[in-house]
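Beneath this line is the structure, given in structure tokens, with notes to follow.
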Amino acid sequence: MKKIIIVRHAKSSWKEDLSDHERGLESRGIKDAELVSLYFKQFETQPDMVLSSTAKRAKKTAGIFIENLKINPNLVHYYKELYDFTGESLIKTIKNTSDSIQCLMVFGHNHALTHFVNTFGDRYIDNVPTSGLVVIEFHVDSWKHIFKGQTLKIIFPRDLRE
């Protein structure tokens, strides 16, 4: 069995004149990432590896989850290939994950993430929003062989706000 936790980066800031790759998070984004990560903590699902895009907003979002979920920083890897919007590099990176990893957590971008959860999960999601989290389980022994899995959890910030 393989399990993947997909997280879209938190809401990014457009206040500064920066390249897309260098944009940080806006305050609502930070609050939403805190909200989702603290809610997810109750499920006690610990990844064996965390992969994140090198984009500043993805790294910052990953940092919030890593801190709140008490994930060992040595399990975290940043890949420029995950600064991907089509999903091709995302899928390739996931399928190349070592089979010793049972639970993988990935921080990335749309449209790639929405495409992934709809291609590999069994529940249609119109759009994974910023700070959105989706967990999918696969009944395979190798990441290379993932196909339609079972969508176990969908956690979006709007569902947690009071």
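If we count every other residue with Cβ under 14 angstrom of VAL117's Cβ, Lys/Arg +1 and Asp/Glu -1, where does the sum land? Let's see the in-between values first.
Details: positive: LYS3, ARG8, ARG123, LYS148, LYS153; negative: ASP122, ASP126, GLU137.
Summing Lys and Arg as +1 and Asp and Glu as -1 gives +2.
Can you find, among SER100, ALA62, PHE43, the residue farthest towards the positive end of the dipole of region 35-107? Put +1 on the C-beta of Lys and Arg, -1 on that of Asp and Glu.
So the residue we want is ALA62.
On a 21 Å Cα-Cα criterion, which of the cross-link pairs LYS56/LYS95; LYS15/LYS59; LYS3/LYS95; LYS15/LYS60; LYS11/LYS148 come out too long? Write down the numbers at each step before the final one.
Numbers: LYS56/LYS95 24 Å; LYS15/LYS59 18 Å; LYS3/LYS95 12 Å; LYS15/LYS60 17 Å; LYS11/LYS148 29 Å.
The answer is LYS56/LYS95; LYS11/LYS148.
Rounded to the nearest 0.05, what FRET efficiency do ARG123 and LYS92 have when you use their Cβ-Cβ distance and R0 = 25 Å? Don't jump to the answer; show the numbers that get you there.
Values: r = 24 Å, r/R0 = 0.94.
Using R0 = 25 Å, I get an efficiency of 0.60.
Per residue Cα convex hull volume for region 55-149, in cubic angstrom? Write out the running numbers ahead of the final one.
Details: hull volume 9.5 nm³, N = 95.
Once divided by residue count, the hull of region 55-149 is 100 Å³.
Using the Karplus curve 6.51 cos²θ - 1.76 cosθ + 1.60 with θ = phi - 60°, work out ³J(HN,Hα) for each residue of region 149-155 in order, rounded to whole Hz, and write x for Gly and Pro.
Here the 3J(HN,Hα) series is x, 10, 6, 8, 9, 10, 10 Hz.
How much of the calculated P(r) for region 105-162 lies past 18 Å, in percent of all Cα pairs? Don't skip to the end; give the middle numbers.
Numbers: 536 of 1653 pairs.
When every Cα pair of region 105-162 is considered, 32 percent fall beyond 18 Å.
Averaged per residue, what accessible surface does the chain expose to a 1.4 Å probe, in Å²?
Working: 8120 Å² over 162 residues.
Accessible area per residue, the chain: 50 Å².
Using only helices, what value at 222 nm comes out for the chain when you add -39,500 (n - 2.57) per DSSP H run of length 4 or more and divide by the total residues, to the nearest 500 deg cm²/dmol?
On the way: 4 runs with 45 residues, N = 162.
The helix-only estimate for the chain comes to -8500 deg cm²/dmol at 222 nm.
When the chain is treated as a GNM, springs tying every alpha-carbon pair under 10 Å, which of LEU82, LEU38, LEU104 comes out with the largest mean-square fluctuation?
Evaluated over the chain, the most mobile residue of the options is LEU38.
Based on the inverse mean of 1/r over its pairs of different Cα atoms, what is the Kirkwood hydrodynamic radius of the chain, in Å?
Details: mean 1/r = 0.0647 Å⁻¹.
So the Kirkwood estimate lands at 15.5 Å.
The values are calculated or read from the model by the stated rules, or taken from the named source; none is laboratory data. Values in this document were obtained by computation on a predicted structure and should not be read as measured data. Reconstructed Cβ throughout: ideal geometry from the backbone, glycine too, with neighbour counts over all protein chains shown. Ligands, DNA and RNA are stripped out before the accessible areas are found, and what is left, the full protein with its side chains, is counted by its heavy atoms. Shrake-Rupley method; radii C 1.70, N 1.55, O 1.52, S 1.80 Å.
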